[in-house]
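Below you'll find the structure, written out as structure tokens, and then a few comments.
The values are calculated or read from the model by the stated rules, or taken from the named source; none is laboratory data. As the structure is a prediction and not an experimental result, all values here were calculated from the model. Every residue, glycine among them, receives a Cβ derived from its backbone with ideal geometry; neighbour counts consider all protein chains shown. We work out accessible area using only protein heavy atoms, side chains counted, and drop any ligands, DNA or RNA first. Shrake-Rupley method; radii C 1.70, N 1.55, O 1.52, S 1.80 Å.
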Amino acid sequence: MTLTPRRSGALLLILSALLSALLASPSRAAAPADPGPLRHRHLHTAKEIERFLHSFYRQHGPTEQDRALRISQQLSEKQDRTPDFDELLCAQDLPRRITVGPATVLMTARVGWATVTTVWGSGKTDTFTAYVRLDSVPIQLDDVICAG
């Protein structure tokens with residue numbers, strides 16, 4: 001099909017009108033870049049995770065306020081399903097002492113973790129792994145995996 005000058009002029013007029021309408025569209029022109037909640041710019045470092053876990057677990061376990069405010073919704077629901085077992089300590093009792101090991105981060109998975117060791121009145125020790133999402137705001141305990 002050969003375009004005559006009239007048809008090519010009409011086609012050019014339609015294309016320019018579409019382009020003008022597109023550029024003048026208020027939704028495109030006024031829409032700021034929305035980074036969204038999942039595009040948090042700061043990712044927690046290993047040192048920040050260690051500090052958080054030390055402050056969370058303290059010497060004998062998390063406070064009631066920490067349990068309410070500093071754990072993820074997923075971990076809170078996990079605890080609710082096991083009322084006779086403390087998911088945050090992997091135990092049914094309070095330990096005599098708690099220590100937090102060095103934290104490790106895996107940037108590609110956006111997660112960090114550290115081994116937590118509990119010492120009991122009998123002298124027995126247990127360990128579990130505490131996980132923190134690197135992009136959590138504020139920083140929260142995301143999950144706990146008991147060793148055995």
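For the range 93-106, the set of residues classified as modelled with pLDDT of 95 or more and farther than 14 Å from Leu53 by Cβ consists of Pro95, Arg96, Arg97, Leu106, listed by residue number. The number of residues in the range 107-123 being more than 19 Å from Arg51 (Cβ to Cβ) and either under 19 Å from the mean Cα position of the chain (by Cα) or small (Gly, Ala, Ser) (or both) comes to 5. Cβ-Cβ distances below 8 Å connect the following pairs, each with a first residue in the range 108-122 that is over 17 Å from Cys146 (Cβ atoms) and open to solvent by 60 Å² or more (accessible area, probe 1.4 Å), a second residue that is at pLDDT 95 or above and of a type in the set (Lys, Arg), and a separation of six or more residues or different chains: Arg110/Arg133; Gly121/Arg96.
For the condition within 19 Å of the chain's Cα centre (by Cα) and more than 17 Å from Pro62 (Cβ to Cβ), what is the one hit in Thr104, Thr129?
Thr104
Of the residues screened, Ala130 is one that is touching a Phe, Trp or Tyr at 6+ places or on another chain (Cβ under 9 Å) and in contact (Cβ under 8 Å) with a residue 60 or more places away in the chain. Of all residues assigned to the range 131-142, at least one qualifies as being crowded, with 19+ Cβ neighbours inside 10 Å, closer than 22 Å to His44 by Cβ, out of contact with any Cys (no Cβ under 9 Å at 6 or more places or on another chain) and charged (D, E, K, R).
When the residues of the range 51-74 are filtered to those that are open to solvent by 40 Å² or more (accessible area, probe 1.4 Å) and in contact with a strand residue (DSSP E or B) (Cβ under 9 Å, 6 or more places away or on another chain), the one that is farthest from Thr115 (Cα to Cα) is Gln74.
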